[in-house]
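The values are calculated or read from the model by the stated rules, or taken from the named source; none is laboratory data. All figures in this text were calculated on a predicted structure; none of them were measured in a lab. Note: ideal-geometry Cβ built from the backbone for every residue, glycine included; neighbour counts use all protein chains shown. Accessible surface is based on the protein model in full, side chains and every heavy atom, while ligands, DNA and RNA are left aside. Shrake-Rupley method; radii C 1.70, N 1.55, O 1.52, S 1.80 Å.
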Amino acid sequence: IAGGADGLTVASEAAGPWGPAATAVLSLPQDRRLVCVEHPCRVLSVDKILETVGGEEGMSRTYADSSRRLELYFRPRDPYCHPVCGNRFPSTSLLLRVRRRVAKGRGNEASGDSPEQEQMSMEILGIIGTTYKFQGMADFQYLAVHAQPDGTQTSLYDKILLRRPEKKEFFDQDVPLFIPPPIFSRLDNPVDYFYRPEIQHREGYTHPVLSSENLIGLSRARRPHNAIFVSFEDKDVPTEPLEAAVQNWQRFCAHPDKHRAEEEIKQLFEKRPVWSKNAVKCNMEIHPEKLKLLLPFVAYYMLTGPWRSLWVQFGYDPRTDPKAKVYQVLDFRIRCGMKHGYTPNDMPVKAKRSTYNYSLPITINKTVPPPARLQDITEGGPSTLPRPAPCRYKLKESAYIFREGTLPPYRQMFYQLCDLEVESLKRIIHRNDGKETECTERDGWCLPKTSDELRDIMSNMIKQIIRSKRPALFPPKAQRPSSGGPRGALDMDSGEEDEEDEEEEFQPSEGSDNEMETEMLSYV
């Protein structure tokens, strides 16, 4: 086959009805682009085959999204059928139609008559620019059947599928429990797993000395960072780091930049004896792995109490100093729900991870380069001043400071009381200054239920911000549902909430990198 500007030349070297060798010139339609699907089944009915890939509408929807794989259902009318996924490939193929016509009065070759009644015709239908190939294995299939005690199988489709409007008796009937998983396997292609012998089976291996008898199945000892952990019930606090922590940092800080980082963090703890890890990241530029070695060198870690998950300077005991009240931690989580007027999906602050974002094998994860900014283009020319080095590890101040009129970056935040830069919050924190008598594990040096009052005020402030950003979520009072119906938005101008709101329990966070995570495992 030879191609040209106006068409193709197809040559046949084998003997045929055209003679020993024949050629044909075909026109190439440039405007007809086709999509090829290499179906893994034997095609007997085009309509049924098209139904397995979602019909023309499903094919068009899949083709419009280049990052989506083509789903093929062997039982398209079964909602419990798991699809086979086809990969998308660019191609430069042609769809060629060849027709062979034979007249009814065909001659007899034995008598010497030549079959001149046969006719061959060829036509190029279009250019195939995209091809879907099913290269993976099919997922496990699960049928809606129930096994009887005698071993027979009974179909449940008529009892669990709602094909038409049914009466109450349909929903009251007894049906065996049928809860199939949404997916069985995350991968549809076999993966070579290069097995290696366990390290404890090697000759000369000795088990590491573990600090606890409850640790399960460690193949190697964790790399210790030698941090000191202190609980609220402990009587004394450490005055100096462990010798191993000093040696680790001195072995690592041979470069002048490391000495500069050591001086910076010492100045931070001289300025403020209690810091969160996020606050340290916002005030100095240092690699996270280097910070793991530096923090145990200058501070110890509080496990419980009002200063939990914070780093405290060696020799400083916040339980004996009422001034340490401002360094206490506040666990704040953004409230959402119908009684607050907005759902988690309506919230401007999105969760970093969610259980609903389950990665199915029907999509292709592609790394996309970051979009270019106009500032980068305009500053790309020659400049007389050197451009400053970018801050690669430094966090923004919003990671640990709460200000009025701004939303937290994540749905769960750990703030120190001194970082709540709102006057109404400061008045609540300092209302018992000079009258602190006892430091409790729940409230520290503050009055009882101070944390609850701070959370209520911060929640109302965030509601005001959300209402200004999305006013449609908070209709006027006249349009709000009555008390007998679903609860709508609250009257935030009054600042009052129902008793049900005051007794709300905080839900666990969905997680984020900037949360003040418990760092025990990193420093054991």
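Number of residues in the stretch 138-160 that are surrounded by 13 or more Cβ atoms within 10 Å (Cβ to Cβ) and not β-branched (V, I, T) equals 10. Here the stretch 420-456 is the region considered, the condition is being crowded, with 16+ Cβ neighbours inside 10 Å and among the β-branched types (V, I, T), and the residue that is nearest to S398 (Cα to Cα) is V422.
Tell me yes or no: at least one residue of the stretch 339-358 is closer than 22 Å to S398 by Cα, at pLDDT 90 or above and surrounded by fewer than 21 Cβ atoms within 10 Å (Cβ to Cβ). For the stretch 339-358, residues closer than 22 Å to S398 by Cα, at pLDDT 90 or above and surrounded by fewer than 21 Cβ atoms within 10 Å (Cβ to Cβ): absent. Being surrounded by 13 or more Cβ atoms within 10 Å (Cβ to Cβ), in contact with a Gly (Cβ under 9 Å, 6 or more places away or on another chain) and either among the small types (G, A, S) or modelled with pLDDT under 90 (or both) is a property that I465 has. Restricting attention to the stretch 368-395 and to residues that are within 22 Å of the chain's Cα centre (by Cα) and surrounded by 12 or more Cβ atoms within 10 Å (Cβ to Cβ), the residue that is modelled with the lowest pLDDT turns out to be Y393.
Out of curiosity, is N365 of a type outside the set (A, V, I, L, M), modelled with pLDDT of 55 or more and in a loop (DSSP other than H, G, I, E, B)? So N365 does not fit the description; no.
A299 - would you say it is open to solvent by less than 40 Å² (accessible area, probe 1.4 Å) and under 18 Å from N226 (Cβ atoms)? For A299, the condition - open to solvent by less than 40 Å² (accessible area, probe 1.4 Å) and under 18 Å from N226 (Cβ atoms) - is met.
Yes or no: T23 β-branched (V, I, T) and exposed (fewer than 15 other Cβ atoms within 10 Å of the Cβ)? For T23, the condition - β-branched (V, I, T) and exposed (fewer than 15 other Cβ atoms within 10 Å of the Cβ) - is met. Restricting Y132, Y193 to residues that are of a type in the set (F, W, Y) and in contact with a helix residue (DSSP H, G or I) (Cβ under 9 Å, 6 or more places away or on another chain) narrows the list to Y132. When the residues of the stretch 137-178 are narrowed to those that are in contact (Cβ under 8 Å) with a residue 24 or more places away in the chain and touching a strand residue (DSSP E or B) at 6+ places or on another chain (Cβ under 6 Å), which ends up farthest from C85 (Cα to Cα)? So the residue we want is P176. Somewhere in the stretch 233-254, is a residue open to solvent by 100 Å² or more (accessible area, probe 1.4 Å), farther than 11 Å from L294 by Cβ and among the β-branched types (V, I, T)? Yes, the stretch 233-254 contains a residue that is open to solvent by 100 Å² or more (accessible area, probe 1.4 Å), farther than 11 Å from L294 by Cβ and among the β-branched types (V, I, T). When S309 is tested against (1) assigned to a helix (DSSP H, G or I); (2) crowded, with 17+ Cβ neighbours inside 10 Å, exactly one condition is not met: (1). Residues that are under 30 Å from S27 (Cβ atoms) and modelled with pLDDT of 85 or more number at least 1 in the following strands (runs of 3 or more DSSP E) confined to the stretch 114-185: 119-133. Candidates are the residues of the stretch 57-69 that are loosely packed, with under 12 Cβ neighbours inside 10 Å and at pLDDT 90 or above; the one that is nearest to R97 (Cα to Cα) is S60. Within the stretch 269-291, residues that are not assigned by the TED database to the domain that holds Q412 have Cβ atoms under 9 Å from residues that are assigned to a helix (DSSP H, G or I) and of a type in the set (S, T, N, Q) in no pair, counting only partners at least 6 apart in sequence or on another chain.
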